[in-house]
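The values are calculated or read from the model by the stated rules, or taken from the named source; none is laboratory data. This one's a predicted model, so the numbers in the text were calculated from it and none came from an experiment. Cβ placement follows ideal geometry from the backbone for every residue including glycine, while neighbour counts extend to all protein chains displayed.
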Amino acid sequence: MPQTHEVTNQVPPHHGYDAAADPALLEALAREGAGWAAPELHRLGVLAGSEQAAEWGRLANENEPVLHTHDRYGHRIDEVEFHPYWHALMDTAVSHGLHAAPWAQHEPGAHVARAAKFIVWSQVEAGHTCPVSMTYAAVPALRAAPALAEWLEPLLASRTYDFGLRRPDTKRGLIAGMSMTEKQGGSDVRTNTTTAVPAGDGTYRLTGHKWFTSAPMSDVFLTLAQAPGGLSCFLLPRVLPDGTRNRLLLQRLKDKLGNRSNASSEIEYDGASGWLVGEEGRGVATIIEMVNTTRLDCVLGGASGMRLGLVRAVHHATHRRAFGKALIDQPLMRNVLADLALESEAATAVAMRLAGATDRVARGDSDEALLRRLGLAVTKYWVCKRAPGHAAEALECFGGNGYVEDSGMPRLYREAPLSSIWEGSGNVAALDALRAMGRQPETVEAFFAEVGRAAGADRHLDAAVAGLRKQLADPAEAEYRARQLTETMALAFQASLLVRHAPAAVADAFCATRLGGEHGGAYGTLPTGVDTGAVLARAVTSAG
């Protein structure tokens, strides 16, 4: 067939690069005590940047999970069917220890290594990281029931992905889910109506509904229900020790904006059997260990999405020409890309700092526990809140090409709001920061001690910290101002890390624009004088 035109000025596929070749990530990996993990991180990064992995992610999202409630004979089966590439993604994540593996490792930095791998591998496909994250987070909550933890932890930490509906003790590895919210309450879990009645054999029978059950194909679930002693935490297996199916009935899968590869469901407990985790009436205190850990993964996911959007935008701008120049050489486009790079680097730095705190808390560091408590609350709010706008701007760098599904940018755009909603939306996260400060005032001093390590290095940061101290000294209308206060704390936390560890061009530009008021309301409004070349040099490294 004769050609009507020659195809020119089209950008090559974004394949064949190392997604771990991110200076900010690698520097943080070493800084937080996990430099030993760099070789494995790079191996995973090469896979993450491959055409094969891109196909796994694409097809897992285009072929969404399907719920089968009954078999052909009318028997209840409650199974979710996934595309084979979903299992390839899960197998890779589990074999590289992105799930609960760090809890079984003794090397300092194990949780940091896991966080870095999570940031890299999430760039391939974010949906499957939901069950991966919950399996990681289940362990600290499960330790409130030592006998259950002794039985299940080795299977949750196993690096073998063993999909299928079988008794937990017959499997080589387990995946954990979480089932908390109900129709009438959402985040207000104390309004839950699901009941748990002692069965007389050490188990409870749970009856009720759950509005969101994440990853319903998991092997075990942590859930909340009203026991005689109050709201309590329970562990429910899908298959009981005698081999029969537990009475967890899948009603439907949610039709979500994004996260399409992952199944989220509504379920009914019809006298489902479960074991108490912790004490009766202490359900929130028990499961909050899981929630706090998954909040870390919300931050990691936000940082991962920003990095992906940035490197894709840089790749496009490097290879696309307009008005006689490559887009990346156009001053205004460089301004936009450099601004996106600042946001991405700050998110990566703070995410990895919190991963380092998590690692040290796991080894008994009480000071780091205080920093993590408040630092995670403010960071979960801010990084996750910034992710959707970052994705939108990165998409716009492609022009109309970015609005087309083939570019991959619409999937990133749809995915971006999830981390801000999951484990407490913006208001919940901001109020949690206030709660931490009110109940544990020592967390405030831990926070100021952390940001104080950069004292005197940047006038904008010093002014922001002084302003925060003044605001916190006047608690009037604190709840009304919770978002503003949380935002400033998060920015000061990020800025302090960049001032201490990032190149001067990055730190100076971030402080001047995010804390010094030298910034407009949109990306790409960096003031004259910012060394956009130096800022972008770190992003170009892994743009492919």
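Scanning for something buried (at least 24 other Cβ atoms within 10 Å of the Cβ), small (Gly, Ala, Ser) and either under 30 Å from LYS117 (Cα atoms) or at pLDDT 95 or above (or both), does region 271-287 turn up at least one residue?
Yes, region 271-287 contains a residue that is buried (at least 24 other Cβ atoms within 10 Å of the Cβ), small (Gly, Ala, Ser) and either under 30 Å from LYS117 (Cα atoms) or at pLDDT 95 or above (or both).
If you go through region 64-82 one residue at a time, do you hit one that is of a type outside the set (Phe, Trp, Tyr), in contact with a His (Cβ under 9 Å, 6 or more places away or on another chain) and either closer than 24 Å to SER344 by Cβ or assigned to a helix (DSSP H, G or I) (or both)? Please lay out each step first, then the result.
Within region 64-82, the subset of a type outside the set (Phe, Trp, Tyr) is 64-72, 74-81.
Applying the additional criterion that residues be in contact with a His (Cβ under 9 Å, 6 or more places away or on another chain) yields 64-65, 76-81.
Cutting the leftovers down to either closer than 24 Å to SER344 by Cβ or assigned to a helix (DSSP H, G or I) (or both) gives us none.
Among the residues of region 64-82, not one is of a type outside the set (Phe, Trp, Tyr), in contact with a His (Cβ under 9 Å, 6 or more places away or on another chain) and either closer than 24 Å to SER344 by Cβ or assigned to a helix (DSSP H, G or I) (or both), which makes the answer no.
Restricting attention to region 6-28, which residues are within 26 Å of the chain's Cα centre (by Cα) and more than 22 Å from LEU340 (Cβ to Cβ)?
Selection gives GLY16 alone.
Please find, among GLU289, GLU268, the residue that is out of contact with any helix residue (DSSP H, G or I) (no Cβ under 9 Å at 6 or more places or on another chain) and over 23 Å from ARG386 (Cα atoms).
Only one candidate passes the filter, namely GLU268.
If a residue has to be closer than 25 Å to ALA28 by Cβ, surrounded by 14 or more Cβ atoms within 10 Å (Cβ to Cβ) and among the charged types (D, E, K, R) to count, how many in region 446-499 make the cut?
4
With respect to VAL361, is the statement that it is of a type in the set (A, V, I, L, M), surrounded by 24 or more Cβ atoms within 10 Å (Cβ to Cβ) and under 26 Å from the mean Cα position of the chain (by Cα) true?
No: the conditions fail for VAL361.
Hey, can you tell me all the residues within region 163-192 that are part of a loop (DSSP other than H, G, I, E, B) and farther than 23 Å from ARG76 by Cβ?
Of everything in region 163-192, those that are part of a loop (DSSP other than H, G, I, E, B) and farther than 23 Å from ARG76 by Cβ turn out to be ARG172, GLY173, MET180, THR181, GLN184, GLY185, GLY186, SER187, ASP188, ASN192.
Can you find even one residue in region 62-85 that is crowded, with 24+ Cβ neighbours inside 10 Å and either touching a helix residue (DSSP H, G or I) at 6+ places or on another chain (Cβ under 9 Å) or of a type in the set (A, V, I, L, M) (or both)?
no
Could you give every pair whose Cβ atoms fall below 8 Å, whose first residue belongs to region 164-193 and is assigned by TED's automatic domain parsing to the domain that holds ALA104 and more than 29 Å from SER425 (Cα to Cα), and whose second residue is aromatic (Phe, Trp, Tyr) and in a loop (DSSP other than H, G, I, E, B), counting only separations of at least 6 or pairs across chains?
Note: pairs meeting the criteria are GLY173/TYR161.
Cβ-Cβ under 7 Å, sequence separation 6+ or interchain: first residue in region 274-302 and outside the structural domain of HIS128 (by TED's automatic domain parsing), partner assigned to a helix (DSSP H, G or I) and of a type in the set (Lys, Arg). Which pairs?
Close Cβ pairs (under 7 Å, with a partner that is assigned to a helix (DSSP H, G or I) and of a type in the set (Lys, Arg)) amount to ARG295/LYS380; CYS298/LYS380; VAL299/LYS380.
Tell me whether region 424-445 contains one or more residues that are under 23 Å from the mean Cα position of the chain (by Cα), more than 19 Å from GLY517 (Cβ to Cβ), of a type in the set (Asp, Glu) and buried (at least 17 other Cβ atoms within 10 Å of the Cβ).
Yes, because at least one residue in region 424-445 is under 23 Å from the mean Cα position of the chain (by Cα), more than 19 Å from GLY517 (Cβ to Cβ), of a type in the set (Asp, Glu) and buried (at least 17 other Cβ atoms within 10 Å of the Cβ).
Could you give every pair whose Cβ atoms fall below 7 Å, whose first residue belongs to region 380-396 and is over 20 Å from MET333 (Cβ atoms), and whose second residue is outside any helix (DSSP H, G or I), counting only separations of at least 6 or pairs across chains?
Once the first residue is over 20 Å from MET333 (Cβ atoms) and sits in region 380-396, its partners that are outside any helix (DSSP H, G or I) give ALA387/ALA416; PRO388/ALA416; PRO388/PRO417.
For region 1-37, what are the residues that are aliphatic (A, V, I, L, M), farther than 15 Å from ARG312 by Cβ, touching a residue at least 24 places away in the same chain (Cβ under 8 Å) and not in a helix (DSSP H, G or I)?
Scanning region 1-37 gives ALA20, ALA34.
Looking at region 20-67, which of its residues are within 30 Å of LYS254 (Cβ to Cβ) and either among the β-branched types (Val, Ile, Thr) or not assigned by TED's automatic domain parsing to the domain that holds VAL94 (or both)?
VAL66
Looking at (1) of a type in the set (S, T, N, Q); (2) over 30 Å from HIS83 (Cα atoms); (3) part of a strand (DSSP E or B), can you tell me which one SER265 breaks?
All conditions are met except number (2).
Has region 316-326 got at least one residue that is of a type in the set (Gly, Ala, Ser), within 30 Å of ALA30 (Cα to Cα) and in contact (Cβ under 8 Å) with a residue 24 or more places away in the chain?
no
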